[in-house]
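Please read the structure below before turning to the comments.
The values are calculated or read from the model by the stated rules, or taken from the named source; none is laboratory data. Every value quoted in this text rests on a predicted model; they were computed, and no experiment measured them. Here Cβ is always computed from backbone atoms with ideal geometry, including for glycine, and neighbour counts include all displayed protein chains. Keep in mind that these areas ignore ligands, DNA and RNA; they rest on the heavy atoms of the full protein, side chains included. Shrake-Rupley method; radii C 1.70, N 1.55, O 1.52, S 1.80 Å.
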Amino acid sequence: MMGSSHAATGLLTGAVVGALAGTEWTDVLVCAAVGAGAALLPDLDEPGSTVGRSLGLVSEKTSEGLRALSRRVYAATSTEREGRGDGGHRHLTHTVPAVLVFGALGWLVALFQPVGTALVVLAMAALGAGTVARSLKGWGPLRTRRRAALVVAIVLAVVAAFAPGGAAWMIGLTVAVGALTHVLGDWLTRSGVPLAWPFVHRGKRWWMFRSPVAFHTGKSPVEVAIRWVSLAGTPVVAFLAVPTVPVG
């Protein structure tokens, strides 16, 4: 799936986590922001991806490091039946263990509240908003769009720092759910994802699982529908959550 589609699905799943696990109405907003960025984390294994370029040099260098790590792990764990792929994109960061690691890192940082929570929200919101900003080519120069995305991320981080709620475990859970949403989104495409790693399936640790009705990334009305349903569903979740979440 494309970066904007991943961000949209992460926005929705993050809002759902905030609605179900939160104790304050602001948890829905904070978790939605975290989920949007977390749903892009697995694609940081590709410097040329939209998310890999979303934050300029910072995201590009992070992507280069993750791609190199993925290639090393692939070379060390692949079986004799594996193909000749380089193990870069859609390998290590698209596994269930990686999802758990992303979530654990988010939880550890968020433990240092309120600064830690604000940092997680800032990073995830910047990734999400930065990725979406790159796709809105008709909305002015890229530099202007990047600045606007950063301003949005900073505002959300400030809200997270001063708002009640925002438990560290919930932030970590949202990061993990967001990353898992990405992996499942790519499972819907024809390229597939290595869901069995590190276990062996049919002689391969990097067997690419894909949906029986898989579609081409960026070329299917199914992906467009998923993106718009996610965007439309997020405010609905937020609206429904407000009466059920105690205020103050």
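What the table shows:
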| read-out | value |
| --- | --- |
| Kirkwood Rh and Cα Rg combined as Rg/Rh, region 45-162 | 1.06 |
| Equivalent-ellipsoid semi-axes of region 116-213, from the Cα gyration tensor, Å, largest first | 33, 21, 9 |
| Charge context of Ala196, other residues only, Cβ under 11 angstrom, K/R +1, D/E -1 | +3 |
| Amide H within-cut-off set for Met2, under 5 Å, with H built and near neighbours excluded | Gly218 |
| Check: region 1-130 dipole with +1 on Lys, Arg Cβ and -1 on Asp, Glu Cβ, in debye | 260 debye |
| Residue of Val222, Val237, Val17 that the Gaussian network model of the chain assigns the largest fluctuation, springs spanning Cα pairs under 10 Å | Val222 |
| Lysines whose Cα lies under 25 Å from that of Lys61, excluding same-chain neighbours fewer than 8 positions away | Lys137 |
| Spin-label zone in region 146-185 - amide nitrogen under 16 Å from a point set 7 Å from the Cα of Leu111 along the C-beta vector | 167-173 |
| Peptides ranked, highest mean first, by Cβ atoms within 10 Å: ranges 190-200, 29-39, 92-102 | 29-39, 92-102, 190-200 |
| Axial C-alpha extent at least 20 Å, average Kyte-Doolittle at least -1.0 - helices from the chain (DSSP) | 3-21, 57-77, 96-110, 115-135, 142-162, 168-187, 221-241 |
| Dipole in debye (nearest 20) - the chain, about Cα centre, beta carbon charges: Lys, Arg +1; Asp, Glu -1 | 760 debye |
| Quotient of C-alpha Rg and 2.2 N^0.38 Å, computed over region 1-88 | 1.36 |
| Residue-level accessible surface for Leu188, protein heavy atoms, 1.4 Å, Å² | 50 Å² |
| Cα-based equivalent ellipsoid of region 160-248: semi-axis lengths in Å, sorted from largest, via gyration tensor | 33, 20, 9 |
| Extended-chain gain in nm, criterion 0.36 nm per residue less alpha-carbon gap, Ala76 and Val200 | 43.3 nm |
| Amide hydrogen neighbours beyond the local backbone of His201, cut-off 5 Å, H modeled | Trp207 |
| Cα principal axis extents for the chain, largest first, Å | 58, 38, 34 |
| Sites Ile154 and Val224 - FRET efficiency at Förster radius 30 Å, r taken between beta-carbons, to 0.05 | 0.45 |
